[in-house]
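Student: Let me give you the structure first, and then I'll get to my questions.
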Amino acid sequence: MADKAWAGYSARYGRGQSVEQLAQRGGFGWCEMDTFFPGWREATDEWRKLREDLAEARATIERLRAPLESIEEALVPVVIEALRQVLRGERPFSGACAPSTSSSSVS
C-alpha cells in the first residue's frame with residue numbers, strides 16, 4: 001500500500017525520501033493516501049470480508065451450540081447418576097436396557 005502511495009509522492013516531490021524514511025516519520029496519513037493513492041480505501045476493504053466471515057462463523061457456532069446444549073442437558077443427569085452408583089459400589093446401567101459386557105449364553 002505504502003509503495004503505491006510513494007509512487008505518487010515521488011512523482012510529485014522527487015525521490016529524496018525512501019518509503020523506509022517515510023515509514024520512520026510515521027508513514028502516510030489518510031489525507032496523503034487519498035492524494036497519492038486514491039484507491040487505497042477500496043484496496044484495504046478486505047477487513048470487511050473478514051468481518052462478514054467472522055459473523056457467519058459465529059452464527060454457525062450458535063446454530064450448532066443449541067443442539068449440543070440439549071444433549072448436554074439430557075446426558076448430565078444420567079452421567080451423574082451413573083457416577084453415584086459407582087461410588088455406592090453398584091453397577092451403573094444394570095437395568096433392562098444396560099449393554100451387556102459378558103458374552104451371552106443360553107441356559
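Student: What are the pairs, 6+ residues apart or on separate chains, where a residue within the range 1-22 that is within 12 Å of Phe36 (Cβ to Cβ) and aromatic (Phe, Trp, Tyr) has its Cβ under 7 Å from a residue that is surrounded by 10 or more Cβ atoms within 10 Å (Cβ to Cβ) and at pLDDT 90 or above?
Tutor: Going by the 7 Å Cβ cut-off, the qualifying pairs are Tyr9/Phe36.
Student: Please enumerate the residues belonging to the range 16-44 that are surrounded by 10 or more Cβ atoms within 10 Å (Cβ to Cβ) and in a loop (DSSP other than H, G, I, E, B).
Tutor: Passing the criteria: Gln17, Ser18, Gly27, Phe28, Phe37, Pro38, Gly39, Thr44.
Student: If you check Thr44 against the conditions, is it modelled with pLDDT of 90 or more and polar (S, T, N, Q)?
Tutor: On the way: modelled with pLDDT of 90 or more: no; polar (S, T, N, Q): yes.
In short, no.
Student: Another one. Kindly provide the set of residues from the range 1-15 that are surrounded by 14 or more Cβ atoms within 10 Å (Cβ to Cβ) and closer than 19 Å to Arg41 by Cα, ordered by number. Reasoning before the result, please.
Tutor: Let us first name the residues in the range 1-15 that are surrounded by 14 or more Cβ atoms within 10 Å (Cβ to Cβ), namely 2, 4-6, 8-10.
Answer for the range 1-15, where residues must be surrounded by 14 or more Cβ atoms within 10 Å (Cβ to Cβ) and closer than 19 Å to Arg41 by Cα: Ala2, Lys4, Ala5, Trp6, Gly8, Tyr9.
Student: Between residues in the range 65-84 that are β-branched (Val, Ile, Thr) and residues that are part of a helix (DSSP H, G or I) and surrounded by 10 or more Cβ atoms within 10 Å (Cβ to Cβ), which pairs lie under 8 Å by C-beta distance while being six or more apart or on different chains?
Tutor: none
Student: Looking at (1) at pLDDT below 90; (2) surrounded by fewer than 10 Cβ atoms within 10 Å (Cβ to Cβ); (3) not in a loop (DSSP other than H, G, I, E, B), find the lone condition where Arg63 falls short.
Tutor: It fails just one condition, (1).
The values are calculated or read from the model by the stated rules, or taken from the named source; none is laboratory data. This one's a predicted model, so the numbers in the text were calculated from it and none came from an experiment. Virtual Cβ from ideal backbone geometry, glycine too; neighbours counted across all protein chains shown.
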